[in-house]
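The values are calculated or read from the model by the stated rules, or taken from the named source; none is laboratory data. All of these numbers come straight from a predicted model, not from anything done at the bench. Because the Cβ atoms are built from the backbone with ideal geometry, glycine has one as well, and the counts that use them run over all protein chains shown.
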Amino acid sequence: MPKLDEQIKTLAGYFAADCEPDGKLTLQLEVEHFLTRSDGQPPAFADVQAALRDLQQQTDAPIITDGEYFGYSGPALTATLGPACQLCISLAPLRDVQDIMDLYNRFYLQLGLALAAHGLRAWTVGCHPTCHAEDLPLVPRTRDEAMDAYLREKGACSVQMMRATAATQVSIDYQDETDFVRKMRAASLLTPFFALLSDNAPVYQASRNSSYCIRTRLWQDVDRDRCGVTPHLMDADFGYARYAENVLTKPQITALRLGRVRAAGGKIAPELYAGHVSRQETAQILSNFFYDVRLKSRIELRAADSMPPRYIAAYVQLVKSVFGSPAALQNVLRHYAGATTLDITSAKLAVCKINIDSDGRLAMTAAIRKIFVDQPAEFDPRKYLGPARDELKKLYMHKCESVLGSAGQA
């Protein structure tokens, strides 16, 4: 497939060009915040836009997508809105943890004041603190609408993931391809530990939560094509080209068309783009994949829940201590020598307390609600409990096959 070969070569070239050969580690912090009204209800999109405009400085550039204002980008940080009005703050890469936290803490203080002026507040937790995911509306953006429609057909937890989860992400640079492979593997091996260490979801689906690592569990049940452990990560030939092949040969959710993001119809990259993909097209391709550890212009560690600032500081320092030290990095790889991608997936499941019962109740309730909305005059329990039972059966089959890995083990 000549076009695929050219695309792999092009992406591998971009990955090589993004490396930082001086070896001095920089860290890029990205924190997602839930926004609600002061009474905990979902905010009006217009109120959130107004608060962000109040925060924007004269030197910042507005971010306009599909004709709507979604935030701003400046030299120190970028503020953008997620699928259900989560506020994502991405800081410029820095080397010193204290400098990172000084910048974030200054913004966090300004954010609280700007939101309060519009009757809003921010939350730094892993799952939405006050609402059911189904009650959180999407923002008016083509990318999110396309993702929502596509992922609903792929896993049982896409609605919760898109609307009701928030993360703390740290991106690190790499010196060369060998360093890229080392850091990708070490970060993936440490993902279960990072998830458990940062577990911060006291509430899930508007109820008190007693399960562990809810975000980790949800991501396991979204779409196996683009989530979880990076495919072929532990293979001997893993590197730039293999990562490029992973993302180019899986269905794309969205694609760049004439400068605008559109639904891709499940086509793969060679069906959507020319052989020599541009930088902008490459960024779009990479954004369609949500591996635990993924590559954009840096290696992004995605396991941690959104956390209050003091815990973010500790987490960023931990990441720096591991990935800024060749000896520490080598110790991680030596300790887990021989581990496979399946071992990592199993370790992730081991730190989760998988609440099958709650997911079953949610599936049944959703089916019953649909009958009542579509057929409000229906009163025969057989007409709504039957479809609810069918949905429960489908959910349990899916859990056994795709989440627990227990199909055929009875």
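Based on this model, can you work out whether V319 counts as buried (at least 17 other Cβ atoms within 10 Å of the Cβ) and closer than 18 Å to F180 by Cα? So V319 passes the test. Scanning region 311-359 for residues that are in a helix (DSSP H, G or I), among the basic types (K, R) and either modelled with pLDDT under 95 or farther than 21 Å from A167 by Cα (or both) gives R334, K348. Among the residues of region 256-298, those identified as of a type in the set (A, V, I, L, M) and buried (at least 22 other Cβ atoms within 10 Å of the Cβ) are A264, A269, V277, I285, V293, L295. Among the residues of region 201-215, the ones that are surrounded by 21 or more Cβ atoms within 10 Å (Cβ to Cβ) and in a loop (DSSP other than H, G, I, E, B) come to 2 in all. Report, by residue number, each residue of region 200-251 that is closer than 20 Å to Q169 by Cβ and among the polar types (S, T, N, Q). The answer is N200, T216, Q220, T230, N246.
For region 370-410, which positions are hydrophobic (A, V, I, L, M, F, W, C), at pLDDT below 70 and under 30 Å from the mean Cα position of the chain (by Cα)?
Those that are hydrophobic (A, V, I, L, M, F, W, C), at pLDDT below 70 and under 30 Å from the mean Cα position of the chain (by Cα): C400, V403, L404, A407.
Can you name every residue in region 176-233 that is β-branched (V, I, T) and out of contact with any helix residue (DSSP H, G or I) (no Cβ under 6 Å at 6 or more places or on another chain)? Correct list: T178, V181, T191, V203, I214, T230. Can you name the residue in region 53-86 that is crowded, with 17+ Cβ neighbours inside 10 Å and touching an Asp or Glu at 6+ places or on another chain (Cβ under 7 Å) and, of all such residues, is nearest to M147 (Cα to Cα)? Applying the filter and picking the extreme gives P83.
If only one of I312, I268, I253 is β-branched (V, I, T), without any contact (Cβ under 8 Å) to a residue 24 or more places away in the chain and on the phi < 0 side of the Ramachandran plot, which one is it? Testing whether each residue is β-branched (V, I, T), without any contact (Cβ under 8 Å) to a residue 24 or more places away in the chain and on the phi < 0 side of the Ramachandran plot leaves just I268. Applying the set (1) in contact with a His (Cβ under 8 Å, 6 or more places away or on another chain); (2) part of a loop (DSSP other than H, G, I, E, B) to D225 leaves exactly one unmet item: (1). Of everything in region 21-52 that's charged (D, E, K, R) and either at pLDDT 95 or above or surrounded by 13 or more Cβ atoms within 10 Å (Cβ to Cβ) (or both), which residue is farthest from N200 (Cα to Cα)? Ranking the candidates gives D47 first.
The set of residues from region 325-344 being crowded, with 18+ Cβ neighbours inside 10 Å and within 24 Å of the chain's Cα centre (by Cα) comprises just one member, I344. Here region 155-193 is the region considered, the condition is being hydrophobic (A, V, I, L, M, F, W, C) and within 15 Å of the chain's Cα centre (by Cα), and the residue that is surrounded by the most Cβ atoms within 10 Å (Cβ to Cβ) is A164.
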